[in-house]
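**Q** Encoded as C-alpha cells, here's the structure I'll be asking about.
The values are calculated or read from the model by the stated rules, or taken from the named source; none is laboratory data. Predicted model only: the values in this text are computed from it and were never measured. For neighbour counting, all protein chains shown are included, and Cβ atoms are generated from backbone atoms with ideal geometry for every residue, glycine included. Protein only, heavy atoms only, side chains kept; ligands, DNA and RNA dropped before computing areas. Shrake-Rupley method; radii C 1.70, N 1.55, O 1.52, S 1.80 Å.
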Amino acid sequence: MKYMIITKKAIFIAFLVCLTVAVAAACVTDDTVPTDATPKRQIPIYCVDTEEKKIAVTFDAAWGDSDTDTLIDILASHNAKATFFIVGKWAEKYPESVKKLFDAGHEIANHSYNHTLYSKLDENAVCADIEKCNAALKNITGKKPTLLRSPSGDYTNVSEIAAKKSGMTTIQWSVDSLDWRGLSSEEMQKRVLSAAENGSIILFHNDVKSTPEALDSILTSLSEKGYSFVGVSELIFPEPYKIDGAGKQIKQ
C-alpha cells in the first residue's frame with residue numbers, strides 16, 4: 001500500500017512539473033515572438049485602378065534644363081498636364097524653369113533636395129531632406145508640394161513613414177520610358193505604348209536628347225486611343241484608399 005501511494009504522488013508531481021514547464025514555455029513564446037512582429041510593408045502608389053482613360057505623364061528633373069520650353073510646347077499641343085518631380089538643388093539652379101513649368105499649369109512635386117538615396121538616411125534625415133526641397137520649391141511657386149518621388153525610386157519603410165509624417169503622398173511609376181539609358185525615340189515609343197493603360201503613371205526625364213521626340217509621338221498615339229493626360233494629383237484617389245502588393249491604388 002505504501003508503495004502505491006508514493007507512486008501516485010510521484011506521478012502527480014511529475015504531471016504538475018510538466019504542466020508548469022509547458023505554460024512557462026507558452027508565455028515565453030507569446031512575449032518574445034508577437035504575432036505582429038513583422039512591420040507592414042509600406043508601398044508608394046505605382047498606378048491607379050480606374051476605368052477612366054486617364055494617364056499621368058511625369059518627369060524627374062535633376063540634370064540640365066535645355067528642353068524646358070520644348071517640353072512645355074509639346075505638352076500644350078496635346079492639351080496635356082504633367083507632373084514634374086524636381087530636385088531642390090536643381091530648382092535653386094534653374095528657378096526660371098520651375099516657374100515656367102508651374103505657370104504653364106503643370107504640377108510641381110518633390111524629388112528630394114540633393115538626390116541622396118533614402119535607404120541611406122534615417123527617418124529624421126529623410127524628413128529634413130523632404131522639408132528642404134519643399135521649401136525650395138515653395139519659394140519659387142508659392143505652393144508647397146504634396147507629392148514625393150524618392151531619389152532613383154529608392155525607398156524603405158523608414159522613408160515611407162517619414163514621408164507620411166511630412167504630409168507627403170509617395171509616387172512611383174508603372175511605365176518606364178528608360179530614356180535615361182539613351183534609348184532612341186522609337187525604342188521609347190515601343191516600350192511606353194505597349195504598357196500604358198488606364199491609370200498608368202509614366203516616367204520620363206527632362207534634359208534627355210530623344211525624350212521630346214518620343215513624347216510627342218507617344219502622346220499622339222495615346223490621344224488617338226482616347227486617353228487624356230492629367231497631373232498625378234488628379235489621377236490618384238483621395239482617402240480612403242488602399243494600395244495592393246503591386247502598388248496599385250484602389251478606391252475604398
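**Q** In debye to the nearest 20, how big a dipole does region 135-229 give about its Cα centre with +1 on each Lys and Arg Cβ and -1 on each Asp and Glu Cβ?
**A** On the way: 11 positive and 11 negative charges, 120 e Å.
Result for region 135-229 is approximately 580 debye, rounded to the nearest 20.
**Q** While we're on this one: Give the residue from 247, 222, 205 lying farthest towards the positive end of the charge dipole for region 203-252; charges sit on Cβ (+1 for Lys and Arg, -1 for Asp and Glu) and the dipole is referred to the Cα centre.
**A** 247
**Q** Here's a follow-up. What is the percent carbon and sulfur in the accessible area of region 66-125, measuring with a 1.4 Å probe over the protein chains and ignoring ligands?
**A** Working: 1310 of 2760 Å².
Within region 66-125, the accessible surface is 47 percent carbon and sulfur.
**Q** What is the sum of charges around residue 231, taking Lys and Arg as +1, Asp and Glu as -1, for the other residues whose C-beta is under 9 Å from the C-beta of residue 231? Present the calculation step by step, with values, prior to reporting the outcome.
**A** Values: positive: 81; negative: 107, 234.
With Lys, Arg at +1 and Asp, Glu at -1, the neighbours total -1.
**Q** Cα gyration tensor of region 60-199, axes a ≥ b ≥ c as square roots of the eigenvalues: rounded (a/c below 1.5), prolate (a/b > b/c) or oblate?
**A** Values: a/c = 1.86, a/b = 1.29, b/c = 1.44.
In terms of gyration-tensor shape, oblate.
**Q** Using a 1.4 Å probe and ignoring any ligands, DNA or RNA, find the accessible area of residue 242 and quote it in Å² to the nearest 10.
**A** Rounded to the nearest 10, that gives 100 Å².
**Q** Next question. Which net charge results when you count Lys and Arg as +1 and Asp and Glu as -1 among the other residues whose beta-carbon is under 11 Å from that of residue 250?
**A** Numbers: positive: 242, 248, 251; negative: 49, 244.
Charge balance near residue 250 sits at +1.
**Q** Could you tally the net charge around residue 109, taking each other residue with its Cβ under 14 Å from the Cβ of residue 109, Lys/Arg +1 and Asp/Glu -1? Before the final figure, lay out the partial values.
**A** Values: positive: 81, 138, 143, 144, 149; negative: 60, 107, 234.
Residues close to residue 109 contribute a combined charge of +2.
**Q** A further question on this structure: Express the C-alpha Rg of region 47-113 as a ratio against the empirical globular expectation 2.2 N^0.38 Å, rounded to two decimals. Don't skip to the answer; put the middle values down first.
**A** Values: Rg = 12.6 Å, N = 67, 2.2 N^0.38 = 10.9 Å.
Normalised by 2.2 N^0.38 Å, the Cα Rg of region 47-113 equals 1.16.
**Q** Could I ask something else about it? Whole number in Å², please: accessible area per residue of region 173-212, 1.4 Å probe, ligands, DNA and RNA not counted.
**A** Values: 1790 Å² over 40 residues.
Averaged over the residues of region 173-212, the accessible area is 45 Å².
**Q** Given a cut-off of 26 Å, name the pairs among 120/165; 53/132; 93/144; 89/120 whose C-alpha atoms lie farther apart than that in the structure shown. Kindly include the intermediate steps, with their values, before the conclusion.
**A** Details: 120/165 18 Å; 53/132 35 Å; 93/144 18 Å; 89/120 19 Å.
The answer is 53/132.
**Q** Here is a follow-up. Tell me which of 147, 97, 182 sits at the most positive position along the dipole axis of region 96-252, charges placed on C-beta atoms (Lys, Arg +1; Asp, Glu -1).
**A** Sorting the options by dipole projection puts first 147.
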